[in-house]
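To start, the structure under review is shown below, and the notes come after it.
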Amino acid sequence: MSHEPTPPPPARAQLLQNLATATANLSGSSRVIPSGEDFYYYRNFDEFKLPIEEIAKQSQSMLESIGSSASLGMAFPKDLDLEDAYDWLVNVNDEVLERVDASVDEFKRSRNKEKEDDEGFQLVCGKKKKGDQTLSKDNKTSKPKVSFHVPSIRKPQEEFNILVNNSNQPFEHVWLGTGDDGHRFLHPLEKLSILDFIDDDIGGVEPVKPPEIEATPFKLVEEVKDLKELAAKLRGVNEFAVDLEHNQYRSFQGLTCLMQISTRTEDFILDTLKLRIHIGPYLREVFKDPSKRKVMHGADRDIVWLQRDFGIYICNLFDTGQASRVLKLERNSLEYLLHHFCDVSANKEYQNADWRFRPLTKEMVRYAREDTHYLLHIYDLMRAKLSSMPKESENSDAPLVEVYRRSYDICMHLYAKEVFTENSYLHIYGLQGACFNSQQLAVVSGLYEWRDVVARTEDESTGYILPNKTLLELAKQMPDTTNKLRRLVKSKHSYIEQHLSSVVSVIRHSMQNAAFLRLQPNI
Ligand code: AMP
Ligand code: ZN
Ligand code: MN
């Protein structure tokens, strides 16, 4: 490798120019040369052999000039065979493109004078001022984004010794009793009726305006003693708002990272990674207690996450997302409800953040608190509206009853683990339109199974190990050497990059199996 000082900008521009010319010449000359068996046939004739040797010499010197480019430092190795030489050139090409990308990024960054959040989250687009924010759906692209994956985070599964059962067996709801047949799980709600949750008289209930976030006591719950204190507080109230933040990218089944709880007077954020095994024992009772109302927004996924991670099952839910549908509001997002009922512009850019990140930044805390802080107030206003809303028809339920019915149904859903079967791969998104032959299908099946086993053992999502799109691309191209595979995945998939030979052997075996099966029509 050469370590010459980086030339000043005009010299670098000249180098790039030379590089471009050399590459263009090389590819231009190679396209007209016969390949494969033809090549060796033609080489028997001097009319072909002599000029081709000349081209080879020139190519060699061009490759050397590309490689010796001071700013690249990737000298062309001697004595490479054709395939390796091609790989080398592709790598050089990738390197150049990556550098162009990086330079463009750097240029954009310096032009925008973007601030980097010193704790790991990088704002990719310009941050808008509060007053600037609109609720327009079409405005998504101009919104600031936050990194959804911070690769440097130590896996919480290791740090907090989180044990999960990723075996290819159905999830056991060990906190639920079973029915008469001993197989079906019984949700505590089955003993209750929706009517148990209908408020007798809400006419006299005055909506309670929440205090400003800044004026509200806040506690980050990271210690068991604080969790115990919170549980005692919740035993003393008859309603509280709940939300969860979750990470689905760096574990097989997903991990609940935070639980936010707001009472009428206080906000709490629980570190559910650190306190994972303690959450259930302290909070299971209040969540199950049918006399305590739980207010959540769009609780479908939260309900099953609570079951999976903490063995928590909810009775008495009011889902503001469902209420919004019954009220036929313009939109059903929390962002819209906050705007509509509380005149608050929520900052939803953190929704998709990497919630495993610790310590939480002040922006993350703010976002997480906003998700529950106003919910009880929204609930008051919605409940009042619902109770004065006329029925859809003579035979339909009252709107408020309809909201409790829907919320009840959401609570009744039970978490189910993803189960692998030998036909699972047929449902992969994008396979239908791919028109694969039997060999390519065998590679899809082989890679799918390999990915499933790896993801379960390493406790990673299948999307992290090998995204569907890449899996289909590999099945289409069937790279059967590590070099070909590396070239295909570029440097986008760190897991594959580190396990090239296992993946190649899966591909080869699948191809051989398919060929073998073709020769055995009776199998
Ligand atoms: P929320 O109920 O909006 O607080 O979202 C809870 C969790 O769902 C987040 O922590 C994310 O893990 C996930 N989530 C919500 N919205 C999105 C989205 N647009 N894209 C990806 N993940 C999301
Ligand atoms: Zn939520
Ligand atoms: Mn949330």
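Being more than 16 Å from ligand 2 (Cβ to nearest atom), in a strand (DSSP E or B), assigned by TED's automatic domain parsing to the domain that holds residue 334 and surrounded by fewer than 16 Cβ atoms within 10 Å (Cβ to Cβ) is not true of residue 209. Among the residues making up segment 148-200, a single one is in contact with a Pro (Cβ under 7 Å, 6 or more places away or on another chain) and closer than 16 Å to residue 413 by Cα: 192. Residues that are open to solvent by less than 10 Å² (accessible area, probe 1.4 Å) and of a type in the set (S, T, N, Q) were ranked within segment 344-375; the one that is nearest to ligand 3 (Cβ to nearest atom) is 372.
Scanning segment 228-286 for residues that are under 18 Å from the mean Cα position of the chain (by Cα), open to solvent by 10 Å² or more (accessible area, probe 1.4 Å) and away from ligand 3 (no atom under 16 Å from the Cβ) turns up 249, 250, 252, 253.
Residues in segment 218-246 that are in contact (Cβ under 8 Å) with a residue 60 or more places away in the chain, of a type in the set (Asp, Glu) and away from ligand 1 (no atom under 16 Å from the Cβ): 239 only. Scanning segment 146-160 for residues that are open to solvent by 40 Å² or more (accessible area, probe 1.4 Å) and of a type in the set (A, V, I, L, M, F, W, C), we see that the one that is nearest to ligand 1 (Cβ to nearest atom) is 148.
Filtering segment 327-342 to residues that are over 25 Å from the mean Cα position of the chain (by Cα) and touching a residue at least 12 places away in the same chain (Cβ under 8 Å) leaves 327, 337, 338, 339, 341, 342.
Scan segment 335-343 and tell me whether some residue there is touching a helix residue (DSSP H, G or I) at 6+ places or on another chain (Cβ under 8 Å), surrounded by fewer than 20 Cβ atoms within 10 Å (Cβ to Cβ) and part of a loop (DSSP other than H, G, I, E, B). No, every residue in segment 335-343 fails to be touching a helix residue (DSSP H, G or I) at 6+ places or on another chain (Cβ under 8 Å), surrounded by fewer than 20 Cβ atoms within 10 Å (Cβ to Cβ) and part of a loop (DSSP other than H, G, I, E, B).
Does any residue of segment 313-334 turn out to be over 23 Å from residue 402 (Cβ atoms) and not aromatic (Phe, Trp, Tyr)? Checked against the condition, which is being over 23 Å from residue 402 (Cβ atoms) and not aromatic (Phe, Trp, Tyr), segment 313-334 yields no hits at all. Out of segment 179-189, which residues are farther than 13 Å from residue 407 by Cα and open to solvent by less than 70 Å² (accessible area, probe 1.4 Å)? Passing the criteria: 179, 182, 185, 186, 187, 188. In this structure, residue 324 does not satisfy being more than 14 Å from ligand 3 (Cβ to nearest atom), polar (S, T, N, Q) and either open to solvent by 40 Å² or more (accessible area, probe 1.4 Å) or in contact with a His (Cβ under 6 Å, 6 or more places away or on another chain) (or both). Within segment 419-460, work out how many residues are of a type in the set (Gly, Ala, Ser), surrounded by fewer than 17 Cβ atoms within 10 Å (Cβ to Cβ) and modelled with pLDDT of 95 or more. Within segment 419-460, residues that are of a type in the set (Gly, Ala, Ser), surrounded by fewer than 17 Cβ atoms within 10 Å (Cβ to Cβ) and modelled with pLDDT of 95 or more number 1. If you go through segment 233-266 and keep only what is closer than 29 Å to residue 172 by Cα and in a helix (DSSP H, G or I), you end up with 234, 235. Residue pairs whose Cβ atoms lie under 7 Å apart, separated by 6 or more positions or on different chains, with the first residue in segment 488-509 and open to solvent by 80 Å² or more (accessible area, probe 1.4 Å) and the second part of a loop (DSSP other than H, G, I, E, B) and not hydrophobic (A, V, I, L, M, F, W, C), are 508/480.
Quick grid of which residues meet (1) away from ligand 2 (no atom under 16 Å from the Cβ); (2) not aliphatic (A, V, I, L, M):
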position	(1), (2)
334	no, no
339	yes, yes
358	yes, yes
364	no, no
418	yes, yes
427	yes, yes
431	yes, no
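The values are calculated or read from the model by the stated rules, or taken from the named source; none is laboratory data. Being a predicted model, the structure only gives us computed values, none of them experimental. Using ideal geometry, Cβ is built from the backbone for each residue, glycine included, and neighbour counts are taken over all protein chains shown. Remember, those area values only see protein heavy atoms, side chains included, never the ligands or the DNA or RNA. Shrake-Rupley method; radii C 1.70, N 1.55, O 1.52, S 1.80 Å.
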